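Okay, structure first, notes after.
The values are calculated or read from the model by the stated rules, or taken from the named source; none is laboratory data. Note that the coordinates shown come from a computational prediction; the quantities given were computed from them, not determined experimentally. All Cβ positions, even for glycine, are placed from backbone atoms using ideal geometry, and neighbour counts span all protein chains on display. Just so you know, the surface numbers come from the protein's heavy atoms only, side chains and all, with ligands and any DNA or RNA stripped out. Shrake-Rupley method; radii C 1.70, N 1.55, O 1.52, S 1.80 Å.
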Amino acid sequence: MTRLADCLAEHAGASRLLWIDHLDYIARLLGGGRYPWLEVAPCVALLRQAQGLLRSDVVALPVAEIVNAWLADDPGLLQVLGEKRRRAYGPLKELLAYADLRHHVLDLAVALRAGVAKSVLALVLPSPRDWAAQVLVQAGGSADEVDEDAVDATAACLADFLRLFAEVGIDAVLLRESRPWAADEVGLLLELYRPVPNVAGHYGWDWGMQWPEAVALPPAQAPQFTLAPGACGAALNGLTVPDAFWQGQALPAAEAGSFDMVRIPADAHPETVLARLAALRER
C-alpha cells in the first residue's frame with residue numbers, strides 16, 4: 001500500500017483527505033507577498049505556519065518555485081544557461097546540475113521533512129516537457145524547440161535530480177502538466193516520462209500526474225495517483241476543486257476512494273477559507 005493510500009485509509013469514515021495548495025494565499029497572509037525560498041529556516045517556518053493553520057494532509061515542496069527564485073537572484077547563472085541552448089533540454093540540464101542549487105533544495109527538503117514529520121511530503125515539479133520549455137524560454141530560446149527527444153532527455157535529467165532526495169524521507173513525487181493531453185499522445189508521453197516513476201519506484205515513493213482536464217489512462221502506464229477535475233483511472237484519484245467553489249458553488253457528492261486537491265485564492269478571506277475547507281472535509 002502506498003503512503004497516500006495509507007493516509008486515505010486512515011481517513012475512511014472520518015474527514016475527507018485534503019491536499020491544499022496555499023502558496024499564493026499564505027504568501028499574502030503571512031509572508032508579505034512572497035515566500036523566502038532562498039532562506040531555509042524562514043521558508044520552513046512559513047510552511048509550518050501554513051500547515052498549522054490549514055492542516056493539509058499533503059505538504060508540498062514546489063521545486064520550480066525555488067529554482068525560479070534562485071534564477072532571479074543569480075543573473076549570471078541565467079547567462080550560463082543561455083549558452084546551453086544548442087539542445088532544447090540543455091538549459092534545464094545545466095540548471096539541475098548546478099551544485100549550489102542542488103544543495104539548497106536538498107537542505108530545504110531535509111528541514112521541511114523534520115518540521116512536518118507526520119504529514120505526507122510531496123515534491124512537486126513541472127512535467128519534463130513543461131519544465132524544459134520554461135527554462136529554455138528563460139534562457140532565450142523557444143518552447144517550440146522541445147521535441148520528443150528533448151522530453152526524453154529531460155525526463156532522465158529529472159530522474160537524476162530526484163536521486164538527491166533518496167535519504168530525505170519523501171513520500172510522493174508529482175509532475176504537473178500545463179495542458180490537456182490528446183488521446184493519441186497519452187501513451188507516448190507517459191513512456192517518455194518513464195525515468196521519473198522508475199526512480200520513484202526504486203525509493204518507494206508514490207508518483208503522480210496533474211492535468212487541467214481529466215485524462216483516460218492506459219492501465220499498464222497509469223501513475224499511482226492523479227490530480228484532475230475528474231477521475232483518470234489511477235489507483236488513487238485526486239479531484240481538483242474548481243475555483244467557483246470559493247464563490248459558493250456546491251460540489252457533487254464525493255467519489256468513493258478519492259481525495260480532493262484545492263487551491264486557495266490569494267485574496268481569500270481567512271474566515272471563508274476555514275469554513276470552505278471544513279465543508280470539503282465533511283463532504
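Here's the yes/no breakdown for (1) over 30 Å from L189 (Cα atoms); (2) of a type in the set (F, W, Y); (3) touching a strand residue (DSSP E or B) at 6+ places or on another chain (Cβ under 6 Å); (4) crowded, with 21+ Cβ neighbours inside 10 Å:
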| position | (1), (2), (3), (4) |
| --- | --- |
| Y89 | no, yes, no, yes |
| L92 | no, no, no, yes |
| V116 | yes, no, yes, no |
| A122 | no, no, yes, yes |
| P128 | no, no, no, yes |
(request) For the range 4-39, name all the residues that are assigned to a helix (DSSP H, G or I), out of contact with any strand residue (DSSP E or B) (no Cβ under 9 Å at 6 or more places or on another chain) and open to solvent by 20 Å² or more (accessible area, probe 1.4 Å). (result) A9, E10, R28, L29, L30
(message) Condition first: open to solvent by 20 Å² or more (accessible area, probe 1.4 Å), in contact with a helix residue (DSSP H, G or I) (Cβ under 8 Å, 6 or more places away or on another chain), part of a loop (DSSP other than H, G, I, E, B) and not hydrophobic (A, V, I, L, M, F, W, C). Now tell me which residues in the range 221-269 satisfy that.
(response) Q221, Q224, G257, P265, D267
(request) Quickly run through the range 173-184 and pick out the residues that are within 19 Å of P229 (Cβ to Cβ) and open to solvent by less than 70 Å² (accessible area, probe 1.4 Å). (result) L174, L175, E177, P180, W181, A182
(message) Suppose the filter is farther than 26 Å from A228 by Cβ, at pLDDT 95 or above, open to solvent by less than 10 Å² (accessible area, probe 1.4 Å) and not aliphatic (A, V, I, L, M); does P42 pass it?
(response) no
(request) Would you mention how many residues in the range 45-68 are surrounded by 19 or more Cβ atoms within 10 Å (Cβ to Cβ) and assigned to a loop (DSSP other than H, G, I, E, B)? (result) 2
(message) For the structure I just gave you, tell me whether L175 is under 22 Å from E94 (Cα atoms) and part of a strand (DSSP E or B).
(response) yes
(message) Regarding the range 101-108, can at least one residue be identified that is crowded, with 17+ Cβ neighbours inside 10 Å and farther than 25 Å from L227 by Cα?
(response) yes
(request) Go through D206, D260, D243 for me and flag whichever is over 18 Å from the mean Cα position of the chain (by Cα), closer than 25 Å to W181 by Cα and of a type outside the set (K, R). (result) D243
(request) Scan the range 134-156 residue by residue and report those that are open to solvent by 20 Å² or more (accessible area, probe 1.4 Å) and assigned to a helix (DSSP H, G or I). (result) Q134, V137, Q138, A143, D144, E145, E148, D149, D152, A153, A156
(request) Pairs only if they're at least six apart or on different chains, beta carbon under 9 angstrom, first in the range 129-147 and on the phi > 0 side of the Ramachandran plot, second of a type in the set (A, V, I, L, M, F, W, C) and surrounded by fewer than 18 Cβ atoms within 10 Å (Cβ to Cβ); list them, first residue then second. (result) G140/L78
